[in-house]
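All remarks here apply to the structure that follows.
The values are calculated or read from the model by the stated rules, or taken from the named source; none is laboratory data. This is a predicted model, so every value here is computed, not measured. Methodologically, a virtual Cβ is constructed for each residue, glycine included, from the backbone with ideal geometry; neighbour enumeration extends over all protein chains shown.
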Amino acid sequence: MFSNKTIDASAGSIIMAFGIFLLGAVYQFPFLNIHLGLVLSGFLVIAWLFMFFSFFLSLSKRDYRNSLVNLPIKSFGVGTWIAATSVIGDLILQRIPSLLSIVQVLAYANLVLWIAFIALCIRQWKTIIVNKETKNTHGVILLTTVSTQSIGGLLVTTFGTAFPLFLMIAFIMLGILFYLFSITLISIRFASKWRDIHEWKNTDCIIHGAISITGLALVQSGSFTLGTILFIWYVVLFLFVIVETAEIIRAIARIQKYGWQKGILTYNITQWARNFTFGMFYFFTVNLVHTFSSSRNSLSFQNHFLNLLGWIVLLLLIVEISLFLIFIVTKTKPLAIAKKI
């Protein structure tokens with residue numbers, strides 16, 4: 001997460017993964033929710049404050065800023081901080097609604113950050129196309145959609161009917177536009193590298209995650225029919241099956257080539273994107289079911305699907321936490337020994 005006293009540009013994905021679990025799937029497990037839900041939410045807010053402060057300290061360093069500008073694809077990882085802040089805002093409102101005024105200030109600040117991020121992305125898209133770097137693109141560029149829809153969702157959750165519907169629709173449409181543009185660039189990469197399963201990236205799971213958060217925004221807007229949102233849900237399900245099947249094939253190929261430990265039981269910060277996308281699919285689905293509860297019969301499949309998906313979200317989170325802790329221990333132990341010597 002930290003390197004040379006700076007924080008990874010994509011470290012906000014850790015907050016995103018934990019936050020979306022606490023917003024949605026944790027309610028499927030009453031013991032966790034009742035006994036640990038509020039405590040874990042508090043710890044997550046503290047972790048977000050610490051990490052966000054570290055991010056801005058990193059931005060104060062010229063080399064760090066230059067690396068973001070000069071590495072066009074990596075710079076899209078900054079979008080994790082916008083999505084993470086939106087998740088934290090939603091989580092605070094869900095757990096402690098009385099802090100609404102604080103979240104409103106947070107929402108305005110996050111909006112300013114989003115504007116700056118999108119300006120950076122437009123510049124980086126141009127660089128990618130001019131320098132013909134489309135062959136190196138991956139799912140991280142879809143954070144333009146994720147950050148945009150998260151901002152719209154946070155604003156409508158925070159301000160309710162005071163937030164104009166046309167602005168919410170504008171955020172949704174802009175996010176869809178970003179998705180179509182980004183997926184076109186990613187498709188160009190797939191066209192040249194589809195034969196090599198090892199070229200699949202962890203962040204490519206955002207292909208379905210970005211659609212999930214778009215579906216969530218549709219539900220939150222309250223202006224789309226059940227039929228329209230169900231269509232989006234099945235699009236997500238289709239992409240979910242395709243993408244995760246590719247992930248499984250890649251995992252098998254990596255195990256055969258590198259063994260279990262080096263193949264899949266290694267930690268990388270980009271893996272948190274997978275936890276977030278699974279959690280977002282759950283959160284989208286549970287909001288769909290609750291919003292259209294009067295149509296319970298037509299949503300029976302989604303109700304049953306939630307039970308399975310909730311367990312998957314929890315198990316994946318436990319696995320990722322374990323890999324993270326092992327990584328921390330193995331990285332810090334040699335340093336501690338060296339200090340003693």
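Odds and ends about this structure:
- Single residue of segment 70-102 satisfying the filter (touching a residue at least 40 places away in the same chain (Cβ under 8 Å) and farther than 20 Å from A17 by Cα) that is surrounded by the most Cβ atoms within 10 Å (Cβ to Cβ): P72
- Some residue of segment 157-170 being closer than 20 Å to F117 by Cβ, within 19 Å of the chain's Cα centre (by Cα), of a type in the set (A, V, I, L, M) and in a helix (DSSP H, G or I): no
- Comparison of A107, A217, A210, A119 shows that the only residue that is closer than 18 Å to F76 by Cα, aliphatic (A, V, I, L, M) and surrounded by 14 or more Cβ atoms within 10 Å (Cβ to Cβ) is A210.
- Among the residues of segment 271-316, those identified as touching a helix residue (DSSP H, G or I) at 6+ places or on another chain (Cβ under 9 Å) and within 17 Å of I326 (Cβ to Cβ) are Q271, W272, N275, L316.
- Lone unmet requirement of (1) under 25 Å from G139 (Cα atoms); (2) in a helix (DSSP H, G or I); (3) not hydrophobic (A, V, I, L, M, F, W, C) for Q302: (1)
- Output for segment 5-31, where each listed residue is modelled with pLDDT of 95 or more, not small (G, A, S) and not in a helix (DSSP H, G or I): F29
- Considering segment 146-174, the residues that are surrounded by 13 or more Cβ atoms within 10 Å (Cβ to Cβ) and hydroxyl-bearing (S, T, Y) include one that is farthest from M280 (Cα to Cα), namely T158.
- Wholly within segment 32-109, helices (runs of 4 or more DSSP H) carrying at least 1 residues that are touching a helix residue (DSSP H, G or I) at 6+ places or on another chain (Cβ under 9 Å) and more than 25 Å from Q149 (Cα to Cα): 38-59, 62-70
- When A17, A25, A47, A9 are checked against the criterion of being without any contact (Cβ under 8 Å) to a residue 40 or more places away in the chain and surrounded by 11 or more Cβ atoms within 10 Å (Cβ to Cβ), A47 stands alone in meeting it.
- Some residue of segment 185-198 being surrounded by 17 or more Cβ atoms within 10 Å (Cβ to Cβ), modelled with pLDDT under 95 and of a type in the set (A, V, I, L, M): yes
- Those residues of segment 255-270 which are in contact with a helix residue (DSSP H, G or I) (Cβ under 9 Å, 6 or more places away or on another chain) and either at positive phi or surrounded by 15 or more Cβ atoms within 10 Å (Cβ to Cβ) (or both), in sequence order: I255, G263, I264, Y267, I269, T270
- Pair list, Cβ under 6 Å, 6 or more apart: segment 180-192 residue under 12 Å from E133 (Cβ atoms), other residue of a type in the set (D, E, K, R) and surrounded by fewer than 15 Cβ atoms within 10 Å (Cβ to Cβ): R189/K135
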